[in-house]
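Peer 1: This structure is in structure tokens; I'll ask about it shortly.
Here, each number is a calculation from the coordinates, and none is a lab measurement. Since we're looking at a predicted model, the values are computed, not measured. In this analysis, Cβ positions are derived from the backbone assuming ideal geometry, glycine residues included, and neighbour counts consider all displayed protein chains.
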Amino acid sequence: MKLLSILSFVFAANVMAADISCKVVGVSDGDTLTCLAAGNQSIKVRLAQIDAPEKNQPFGEKSKQALSAMVYGKQVVLQPETRDRYGRTVAKVFVGDLDVNRQQLRKGMAWVYRQYSRDSGYDGAEAFAKSYGTGLWADPNPVAPWVWRHEKRQMPAASAPSRPIALPAPSAPASSVPDPILKPRRSAAGFSCSGKEHCSQMVSCEEAKYYLRYCPNVKIDGDHDGVPCEKMCR
């Protein structure tokens, strides 16, 4: 039985290591796509070692468009590395000799996901985009997707009215305690997430930029270029 378990593990590892040829039929965002392999097998793919902006984050839509332009409708080769907790195949993606993951970094459409990165060439691709202010690096203070996701999860606690914070009950989850990374949520100019959603409600470009970075579900960056309220901030 023990030998059988070991053989099963080795077999699974070999299957994951084998390259997969498939046709891209969908692009969800800047680091996620769906492709069809032999036998009409649908494979959900998470691009390995990079992390692209979220859909509702500045440059999220542009990152998706950049990936789509490279791969949609094309035959690609996957070099699988693992599976993530959502069951997606985490892989490097190639169109011919083009490393798509690396190209997303070079175009400034993703960060190196350093928690999982092993390819030193990816650091160079990111540095290239950053040095030229390409893509998301045009923003003087871009927010990494893992920070954005963390802030979004913590936003209800962070955007509560300013008042003494009661200690959580013993049974409360640890995530209910405000995270220091979110402080301060009220800017030096007194801005805070108070429910504004439209440019007509903003009193200045500085307030619009504050809302774009810190406040969820705002509608002030319609073209997702990282600049809110174009008429006010251009």
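Peer 1: What are the ³J(HN,Hα) values, in whole Hz, obtained from phi via the Karplus relation 6.51 cos²θ - 1.76 cosθ + 1.60 with θ = phi - 60°, for each residue of region 95-102 in sequence order, with x given for Gly and Pro?
Peer 2: Per-residue couplings from phi come out as 10, x, 8, 7, 7, 5, 4, 5 Hz.
Peer 1: Can you give the FRET efficiency to the nearest 0.05 for Ala37 and Asn141, using r as the Cβ-Cβ distance and R₀ = 41 Å? Display every interim value, and only then the final one.
Peer 2: On the way: r = 41 Å, r/R0 = 1.00.
In this case the efficiency is close to 0.50.
Peer 1: When the Cα centres of region 94-137 and region 68-91 are compared, how far apart do they sit, in Å?
Peer 2: 16 Å
Peer 1: I've got another one for you. Tell me the relative contact order for region 14-137 as a rounded percent, counting alpha carbon contacts under 8 Å between residues six or more apart.
Peer 2: Values: 262 pairs, mean separation 32.0, N = 124.
Rounded, it is 26 percent for region 14-137.
Peer 1: Further question on the same structure: What does the highest-first list of 89-102, 46-59 look like by mean Cβ count within 10 Å?
Peer 2: Sorting 89-102, 46-59 by mean packing, highest first, produces 46-59, 89-102.
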